[in-house]
1. Does the stretch 29-50 contain at least one residue that is surrounded by 15 or more Cβ atoms within 10 Å (Cβ to Cβ), at pLDDT 85 or above and outside any helix (DSSP H, G or I)?
2. I'd like the full set of residues that are assigned to a helix (DSSP H, G or I), surrounded by fewer than 16 Cβ atoms within 10 Å (Cβ to Cβ) and touching a helix residue (DSSP H, G or I) at 6+ places or on another chain (Cβ under 7 Å), limited to the stretch 74-85.
3. Show the residue pairs meeting these rules: Cβ distance below 9 Å; 6+ apart or different chains; first residue within the stretch 79-107 and modelled with pLDDT of 80 or more; second residue in a strand (DSSP E or B) and exposed (fewer than 13 other Cβ atoms within 10 Å of the Cβ).
């Protein structure tokens, strides 16, 4: 039912867009948005629910926020960000709920299975993600 609610999806997109701009929403609002999005991705994947509107998520900025903001970000926001990354990786970066991008350098999906396994992250994005997750484990 939630995946059919266009108003909810629009509000969720607006909140996530604010997080990447200078008008950063409160951490509570961002935590709730990331938790809701990760739940929607998981539920859609589990139940193969129909999706009427997708959310655009820049994975590069999410990883970058983890890299740069881990010292000044609350633990709850870090946990929700990691939960969102886990949900996105659990569906192999492909979900009808999400249009995942990394940035302008992502390009088109490579044809081979081995080459496309890191798409849209690419080797640099995957390295940044692994380094960030390793750093968070050491904290």
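1. yes
2. Taking the stretch 74-85 and keeping what is assigned to a helix (DSSP H, G or I), we get 75-85.
Still in the list and also surrounded by fewer than 16 Cβ atoms within 10 Å (Cβ to Cβ): 75-76, 79.
The one that is assigned to a helix (DSSP H, G or I), surrounded by fewer than 16 Cβ atoms within 10 Å (Cβ to Cβ) and touching a helix residue (DSSP H, G or I) at 6+ places or on another chain (Cβ under 7 Å): 76.
3. These pairs meet every condition: 98/56; 99/56; 100/56.
The values are calculated or read from the model by the stated rules, or taken from the named source; none is laboratory data. Not measured: the values here are computed from a predicted model. We place every Cβ from the backbone using ideal geometry, glycine too, and count neighbours over all the protein chains shown.
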